Amino acid sequence: MANFSVAARTLIHLGAELITSDEVALNELIKNAFDAESARVRIDFRMGLSQAALDHLLLEARGQEGSAGIAAFRDDVVSQLKAAGNTSDGDAARASALVARVQAATNWPALVPILETVNSITVTDRGSGMDAEALESVFLQIGTASRLDAPTSSQLQRTILGNKGIGRLAMMRLGNRATVTSWTDPQAAHQIAFDWRDFEKTDRTLDEVPVEIVPVTPPHDGSSGTVIEIAALRGAWSKARVEGEFVGAFLRRLQNPFEDMTQQALFPIDVHYNGHDRIPIEGMKPVLSEHAQADLELIFDPDADNAADVVVTTTLTDHQRGIDPQTVRRTRDEVTHVAEATPEELKSIGPFTARLRWFNRDTLRTQTALHGTTREAKVELDLWSGGVAIYRDGFRVGFSGQSSGEDWLAIDSSALKRGGFAVNRIQTVGALEISRINNPNLIDRSNREGLIDSRQTQVVRTILVAFAIEELRRHVTHEGQEEKRVQLEEAAKSAPETIRDRIQQAEQGLAEIRAHVSGETKKTVKSITDNLHFIKAETKRFEEAVKQADVRREDILELAGVGTVMSGVLHELTRTTGHTRQLLQKLAKDESPTTRALLVKLDNEIKAINTRLRQLDPLTPSGRHRKEQFDLAALLETILSGYQARFERHEITPFFSISGQATITPFMVTMVRGFVSLAVENLITNSVYWLQRGLKAGATQREIHLELDPVSKTLSIWDNGPGIASADKERVFTAGFTLRPRGQGLGLFLAAEVATYHKAQLVLDSPDEDGRYRAFVLQLPKD
């Protein structure tokens, strides 16, 4: 039977691929100490010489054999070590021992390993340690499952951070040599010495590299613990790098800036450079935190049994305006809809919390200028900003949430799309706090640079964007009409070209159909062709309307009308061109009554499109902005007939009445006919969409109601769908607000704009008994 044979150098490749930076490598060693239940961990950077000077000495020494010239070289090394004076008084004994070892070397091969220890990194803990058996069966087994079955440590009840068994590969990232000393009994420590260069030889398999476990004296007085010393360093660790990059940037950001979010106490990390005092690891400094504009906290708890149960709660605090915190609660039904997920998928994620802290850099500059702290505050914001960092049990996952790293929530791209660029990564400090225990399906990538892109990760991303980032963005900035005008203009300009393509496809299909049908059926085909010609002509007229529109409110509404009708026509034409292909396939086989019926249905659908185009005729250049007296009841009947095919398709029953009576009589108003059509179409389209999502409790069929009231001069439109949450009562009319997965948030905004243009109002009526809003009331002009 054959078996895999693993080349020794594979271990080197694994370390290089999975441990992507020196900082991440040290973090892996820190987490190992944490999991070993050490009360704290100590990292000593001992740099006897600058790395450049040491590399120069090693280059010279490695090229020598025997002992010729070694005395003068030794004296030079000792002279440089003493001149550098890099050790504190507390580390003087170690420095003296190093000098003694250099002076005792009698040949070049013996001196090189000593020189490689001049600069070293030592990670020391007082945790549970390992005996000789554990060193062999656990530490030397790559990918060990020793921690998979233990979610928490036995004594301190910490959540175990490691679960892949690859953290030990971090040593080879930092240096070519390492010694691991560990003990569970102060009388019986054991040590393994690694030279990773032994694993680089191409002719060796992994089991051919000897690893010896030898008994030694414990290096400190703890009853148990582990000490890892890394030598022959691969990188230069100057004091500036340790204080600035490792401590000042990486370790500060290793901890969640919002301490109250994590249930696990911060892990004390003591960093020393050449034996000097501990380098402090600060949280977010008050010079920045005191000037936050807004905080938003999101709490996700998917443990819900009913569709109406709350699973997402967001609380927004505006520090500048001093108003009461705004709390919004989202039901399971709302969240599953927005995230396009099932309740089971939500539960598979587990509970989590997230927080966003937003800073306006211009305001920050103004506020800090009064105290002379502008530069300090900017440096602090540059460090902490970068979007939403992921913290698992209090430790940051890789470099997530860093402005120079991966924009895993696409905060910047969405901000760019929306123009204002107010809520972006350079102004946002964020944290997502997850746990190994609560969120087992949110898994770190093997290289520790983020989360594996699973279904659960995708849903978390959607929840954070839709209910946290967008919520904050809506509070921070209200997008102007100018930006919306540009979007509408783009939609209105792009749709006609697409429509022409659809018509061309339909005409080609009709030409082939005409060649295969009888004379009677050809009449229906001709009717379809004539209506397509009408649509083509109307499309041209709409293009002219777009070209002549300017930036006033009337023109925004006009463009919206054009965009709305083009979108609707495109939707219907997509269906009809699909029908022509189906008919062509059927007619190639036979001309049965069923096939002829499909052709008649196609003719009716295209006539419905023409009906919608005709009732929006006032939006064309000849009729733009002209208020006129017209019969609103007749217009509403026309609009409803234009939706007839769509209603039938979605099994929706429309009801139209005047003062509760089904008998329709003229109802005269003086308004812009096309604008009224725009508002009503958007309200109906909104109802059609949400009715497909679900029904009000107890309802059995989908209904849309339109009612005119001559006394109060109002038009009410309501449905029996899921309704609108009280938290969204005001914001539904805000440009850009939407709970549709791919919505633009324009429909109700534009309907409200129509009312404003006519010095009227569009409001939500009183909520139903379940607290949700389902009825819109358009207050018509009194004159």
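Conditions tested, residue by residue: (1) at pLDDT below 85; (2) part of a helix (DSSP H, G or I); (3) under 16 Å from Val312 (Cβ atoms).
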site	(1), (2), (3)
Val335	no, yes, yes
Val338	no, yes, yes
Thr363	yes, yes, no
Thr368	no, yes, no
Asp382	no, yes, no
Tyr391	no, no, no
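Filtering Arg46, Arg40 for residues that are open to solvent by 10 Å² or more (accessible area, probe 1.4 Å) and in contact with a Pro (Cβ under 7 Å, 6 or more places away or on another chain) leaves a single hit, Arg40. From the list Asp333, Asp362, exactly one residue is more than 23 Å from the chain's Cα centre (by Cα) and not hydroxyl-bearing (Ser, Thr, Tyr). Which is it? That would be Asp362, the only listed residue that is more than 23 Å from the chain's Cα centre (by Cα) and not hydroxyl-bearing (Ser, Thr, Tyr).
The single condition from (1) open to solvent by 40 Å² or more (accessible area, probe 1.4 Å); (2) under 18 Å from Arg42 (Cβ atoms) that Ala104 fails is (2). Just to be sure, is Ala292 of a type in the set (A, V, I, L, M, F, W, C), in a loop (DSSP other than H, G, I, E, B), touching a residue at least 40 places away in the same chain (Cβ under 8 Å) and in contact with a His (Cβ under 8 Å, 6 or more places away or on another chain)? Here the answer is yes, as Ala292 does meet what is asked. For segment 640-739, the strands (runs of 3 or more DSSP E) that sit wholly inside it and include 3 or more residues that are under 23 Å from Val754 (Cβ atoms) and under 39 Å from the mean Cα position of the chain (by Cα) are 714-719.
Are any of the residues in segment 750-757 part of a loop (DSSP other than H, G, I, E, B), at pLDDT below 90 and crowded, with 20+ Cβ neighbours inside 10 Å?
No: zero hits.
Checking the stated criteria, Ile70 turns out to be open to solvent by less than 30 Å² (accessible area, probe 1.4 Å) and free of Cβ contacts under 8 Å to residues at least 60 places away in the same chain.
Counting only residues that are touching a helix residue (DSSP H, G or I) at 6+ places or on another chain (Cβ under 7 Å) and of a type in the set (A, V, I, L, M, F, W, C), segment 238-265 holds 4 of them. If the condition is being basic (Lys, Arg) and crowded, with 18+ Cβ neighbours inside 10 Å, then segment 325-380 contributes Arg330, Arg332, Arg355, Arg357. How about segment 625-640: which of its residues are open to solvent by 40 Å² or more (accessible area, probe 1.4 Å) and touching a helix residue (DSSP H, G or I) at 6+ places or on another chain (Cβ under 6 Å)? Those that are open to solvent by 40 Å² or more (accessible area, probe 1.4 Å) and touching a helix residue (DSSP H, G or I) at 6+ places or on another chain (Cβ under 6 Å): His625, Thr638. Taken as a whole, the structure places Asp324 among residues that are acidic (Asp, Glu) and part of a loop (DSSP other than H, G, I, E, B).
The number of residues in segment 343-357 being under 19 Å from the mean Cα position of the chain (by Cα) and within 22 Å of Thr738 (Cα to Cα) comes to 4. Whenever a residue of segment 708-723 is surrounded by fewer than 16 Cβ atoms within 10 Å (Cβ to Cβ), its partners that are part of a strand (DSSP E or B), lying with C-beta atoms within less than 9 angstrom and at least six residues away or across chains, give the pairs Pro710/Ile658; Ser712/Val777; Ser712/Gln779. Given the structure, is Arg365 out of contact with any helix residue (DSSP H, G or I) (no Cβ under 7 Å at 6 or more places or on another chain), among the charged types (D, E, K, R) and without any contact (Cβ under 8 Å) to a residue 40 or more places away in the chain? No: the conditions fail for Arg365.
Scanning segment 240-264 for residues that are touching a residue at least 40 places away in the same chain (Cβ under 8 Å), closer than 29 Å to Leu115 by Cα and of a type outside the set (A, V, I, L, M, F, W, C) yields a single hit, Glu245. Checked against the criteria, Thr314 does not count as in a helix (DSSP H, G or I) and β-branched (Val, Ile, Thr).
The values are calculated or read from the model by the stated rules, or taken from the named source; none is laboratory data. These numbers were taken from a predicted model, which means no experiment stands behind them. Positions of Cβ are generated from backbone atoms using ideal geometry, with glycine treated the same way; all protein chains shown enter the neighbour counts. Calculation scope for accessible area: heavy atoms of the full protein, side chains included, ligands and nucleic acids excluded. Shrake-Rupley method; radii C 1.70, N 1.55, O 1.52, S 1.80 Å.
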